[in-house]
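The values are calculated or read from the model by the stated rules, or taken from the named source; none is laboratory data. Note that this is a predicted model, so its numbers are computed, not measured. As a convention, Cβ positions derive from the backbone with ideal geometry for all residues, glycine included, and neighbour counts pool all protein chains shown.
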Amino acid sequence: MPVPVPRQRAIPAVESGQAQAARTVGGPLKEEAHRDATPVSGTGATLTLLLIEDDPAGSPIVPDLLDASGKPIRVRTARNLTEAERLLTDDVHCILLDLALPAPGGSGSDDELAVLKHVLQLAPRHAVLALTASGDAERGAEAVRVGAQDYLFRDELDGRLLSRAIRYAVERKRSDTAERRLAEGKLRAQENRRLERGLLPTPLLEGSSLRFAARYRPGRSRALLGGDFYDAVRTPDGTVHAMIGDVCGHGPDEAALGVELRIAWRALTLAGLCGDELLNTMQQVLEHERADEEIFATLCTVDIAPDGRRAGLCLAGHPAPLIARPGRPARLLPYDNNGPALGLLPGARWPRMQVELGAEWSLMLYTDGLIEGRVGEGGERLGQDGMLEMIRRQLSQGLRGEELLRAAVSEVRDLNGGELTDDVAVVLLDRTR
């Protein structure tokens, strides 16, 4: 038995002048229709059958037909494929096709199922029943293999059999269509996930003594990639460069722009650019690639000296990183000389600040998704002060690296009372003795 599918919205049928009015049949036939059939349409809907047969008036092959509720099934008739195409509207639920019809175009094709293949191309969303001569089961089975929902023998038709076949064919077509769409959706999702996974960064830190960890959580449902982006590379002189950024918005266009900016940053950094020169070029990339002039991106970049004891910091409208050192409470790096977000002010400047890190430290870069989650029922946001308090507590509990980031993002989500609507990206660089 076909798998039940959601009921179809009732659509008024517009009958052709050639339509034959099916007669209501009561008694055992009506009871059998109720017992055998699964309802296929909503309350008040009427099934419509399109019969394609070269002499429908001369050979009464369509007996009395009833739907699952005992109402007559409406029948339209077409003597050829040209008429069938004209009568094939959205309110037709099933097609009953005589396989003895001549091939399309009047050509002498050797393909016995050429007419069926033509109808399947003409009506890919409709259920199709193939009508063949009695005893020609092989041709009927081949018709099902090609795409028909079922086949029937011309000389063995009766109202009960055909009514049930129509209803089941419609349900099978709906079930097959739903299954195909589900499979296509899963395939697209798998392809998108493979693509997005390939676009996520792989830090290039070979030869560095720094430990790297990252946590990424896109705000879009079932996505791997959002508008947040990050990266880290080590240049030949031993300097470790890291950055994190956020494109305003949450859609796939913003995610794509974030990938472009990340790749541009990596290429420019490996080419030797840093500080104001790098950010100025990044702004040019953004201005050329964005779909709307109102789109901007915030950015935080750090370049850590080969000895690991000091760093240069540039902020383009982005929250300041957090630094934690043994024996001292975690704090935010200075935010005084920050510049505007990329894409807001032509000719803007981004001063590079020198920061003393020390011998042992942890440096956390993050996007605003980590601090803009709600806290409690009052709608208050976590903010940077709340994040500082949370990270200090987690560090005092001995959390480090991936474990620290996992706990931080998880707690922010719990405080928000559910999934965060904004993208979240967090990067952690550690230097130990």
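Details
- Scanning segment 372-388 for residues that are surrounded by fewer than 17 Cβ atoms within 10 Å (Cβ to Cβ) and touching a helix residue (DSSP H, G or I) at 6+ places or on another chain (Cβ under 7 Å) turns up just one, VAL375.
- Residue count for segment 235-267 satisfying the condition of being surrounded by fewer than 17 Cβ atoms within 10 Å (Cβ to Cβ) and more than 33 Å from the chain's Cα centre (by Cα): 4.
- The one condition in (1) surrounded by 13 or more Cβ atoms within 10 Å (Cβ to Cβ); (2) of a type outside the set (Val, Ile, Thr); (3) in a loop (DSSP other than H, G, I, E, B) that GLU294 fails to fulfil: (1)
- Screening GLY238, GLY207 for residues that are in contact with a Lys or Arg (Cβ under 7 Å, 6 or more places away or on another chain) and either at positive phi or in a helix (DSSP H, G or I) (or both) leaves exactly one candidate, GLY207.
- Some residue of segment 364-375 being at pLDDT 95 or above, in contact with a strand residue (DSSP E or B) (Cβ under 7 Å, 6 or more places away or on another chain) and farther than 30 Å from THR281 by Cα: no
- Looking only at residues in segment 321-378 that are among the polar types (S, T, N, Q) and part of a strand (DSSP E or B), the one that is nearest to the chain's Cα centre (by Cα) is SER362.
- Which numbered condition ASP430 misses (of (1) within 33 Å of the chain's Cα centre (by Cα); (2) surrounded by 16 or more Cβ atoms within 10 Å (Cβ to Cβ); (3) of a type in the set (Asp, Glu)): (1)
- When residues of segment 267-295 are limited to those that are touching a strand residue (DSSP E or B) at 6+ places or on another chain (Cβ under 8 Å) and touching a residue at least 40 places away in the same chain (Cβ under 8 Å), the one nearest to THR235 (Cα to Cα): CYS274
- Within segment 66-99, considering residues that are surrounded by fewer than 21 Cβ atoms within 10 Å (Cβ to Cβ) and among the charged types (D, E, K, R), the one modelled with the lowest pLDDT: LYS71
- Candidate set: segment 100-122, residues that are at pLDDT 90 or above and touching a strand residue (DSSP E or B) at 6+ places or on another chain (Cβ under 8 Å); chosen: the one surrounded by the fewest Cβ atoms within 10 Å (Cβ to Cβ): LEU120
- All positions within segment 100-159 that are over 37 Å from the mean Cα position of the chain (by Cα) and of a type in the set (Lys, Arg): ARG139, ARG154
- Qualifying residues in segment 268-282 (those that are assigned to a helix (DSSP H, G or I), more than 30 Å from the chain's Cα centre (by Cα) and not acidic (Asp, Glu)) - the one surrounded by the fewest Cβ atoms within 10 Å (Cβ to Cβ): LEU270
- Single residue of GLN394, GLN354 found to be among the polar types (S, T, N, Q) and farther than 24 Å from GLY312 by Cα: GLN394
- Subset of segment 210-232 [modelled with pLDDT of 95 or more and surrounded by fewer than 20 Cβ atoms within 10 Å (Cβ to Cβ)]: LEU210, ARG211, PHE212, ALA213
- Subset tally (residues that are assigned to a helix (DSSP H, G or I) and not aromatic (Phe, Trp, Tyr)) for segment 120-176: 33
- Selection from segment 292-332 of residues that are among the small types (Gly, Ala, Ser) and at pLDDT 95 or above: ALA297, ALA305, GLY308, ALA311, GLY312, ALA316, GLY317, ALA320, ALA324, ALA330
- Pairing each residue of segment 401-420 that is more than 11 Å from ALA214 (Cα to Cα) with any residue that is in a helix (DSSP H, G or I) and of a type in the set (Lys, Arg), provided the two are 6+ apart or on different chains, yields C-beta distances under 7 Å for GLU419/ARG413; LEU420/ARG413.
- Within segment 315-349, the residues that satisfy the criterion of being among the aliphatic types (A, V, I, L, M), closer than 17 Å to LEU278 by Cβ and touching a Leu at 6+ places or on another chain (Cβ under 6 Å) are ALA316, LEU342.
- Boolean, THR298 is among the hydroxyl-bearing types (Ser, Thr, Tyr) and touching a strand residue (DSSP E or B) at 6+ places or on another chain (Cβ under 8 Å): yes
- HIS318 satisfies every condition listed in (1) farther than 18 Å from VAL426 by Cα; (2) surrounded by 21 or more Cβ atoms within 10 Å (Cβ to Cβ) except (1).
- Count - residues of segment 307-331 that are within 17 Å of GLY401 (Cα to Cα) and either without any contact (Cβ under 8 Å) to a residue 24 or more places away in the chain or of a type in the set (Val, Ile, Thr) (or both): 1
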